[in-house]
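Have a look at the structure below, then the notes.
The values are calculated or read from the model by the stated rules, or taken from the named source; none is laboratory data. Only a predicted model underlies this, so the values are computations on that prediction, with no experimental measurement involved. FYI the Cβ positions are ideal-geometry reconstructions off the backbone, even for glycines, and counts take in every protein chain you see. Just the protein is used for accessible areas: all its heavy atoms, side chains included, with ligands, DNA and RNA removed. Shrake-Rupley method; radii C 1.70, N 1.55, O 1.52, S 1.80 Å.
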Amino acid sequence: DEAGTPKKKSDITVNICGETFPAARLVSRCKELCILGSKIRDYDKDTRFRLKNQIKSATFEVRWTPTHDAMVLVGIYRHGFGNWAQIKLDKDLLLEHKISIPENASWVVAGAPEPTALNRRATSLIKALEKEVMQSESARPKKASSKKAAPAKAKSNSKPKPKAKGKAKSASTRGNAKSKPKRRAGRVMSPEAKAMAPEYDAIEQ
């Protein structure tokens, strides 16, 4: 604005075809219509749509049943929220004698709800539909995760072998190692014995 003060979200408005709406309400309404459309499209024919969660009965002077509530929502789905004149003229909805439009004398129906009352009723119906969607989503089983947990590694019970102390000799070394015979010291003989054994010298050599 001129003072430079930022506007609150609730103060932001949107102008569509000459009509001014609060932006927050417009966003909320779009979300509601998306939910409504997703539920109605579940039926092969939109006029077969019905609310599962019924709300408090309407206090209109004309006879009003849950089927009329459902047709109000179908009319909103077809023609938009608040477009009660088009909803009234939609022959499939059978609401011609259930809606009163004061702006046109020929469309006034004694005891029938006017647009203000219809807006309140439609808002309550949409809230009931949102609650129904939340209940169905919470009751839906959650999908199991596609990722499989990696199997735990088995613990080995075997104990590590103790290391041998020192260096073991190789088999070839052990095989080739032979004990050398010790040389016996020669016997010392007396001269008399040498004379008696002339072959002694040959043995010593």
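Within the range 21-35, restricting attention to residues that are farther than 11 Å from Glu130 by Cα and of a type outside the set (A, V, I, L, M, F, W, C), the residue that is most open to solvent (accessible area, probe 1.4 Å) is Arg25. Among all residues of the range 42-55, there is at least one that is open to solvent by 90 Å² or more (accessible area, probe 1.4 Å), under 35 Å from the mean Cα position of the chain (by Cα), of a type outside the set (Gly, Ala, Ser) and within 17 Å of Arg120 (Cβ to Cβ).
Number of residues in the range 67-96 that are touching a Lys or Arg at 6+ places or on another chain (Cβ under 9 Å) and under 19 Å from Gly111 (Cβ atoms): the value is 10. Within the bounds of the range 75-97, is there any residue that is of a type in the set (Ser, Thr, Tyr) and over 21 Å from Gly37 (Cβ atoms)? No, every residue in the range 75-97 fails to be of a type in the set (Ser, Thr, Tyr) and over 21 Å from Gly37 (Cβ atoms). If the condition is being over 15 Å from Glu114 (Cα atoms), without any contact (Cβ under 8 Å) to a residue 24 or more places away in the chain and open to solvent by 40 Å² or more (accessible area, probe 1.4 Å), then the range 57-92 contributes Ser57, Pro66, Thr67, His79, Lys91.
For the range 93-109, does any single residue satisfy the condition of being in a loop (DSSP other than H, G, I, E, B), among the β-branched types (Val, Ile, Thr) and surrounded by fewer than 16 Cβ atoms within 10 Å (Cβ to Cβ)?
yes
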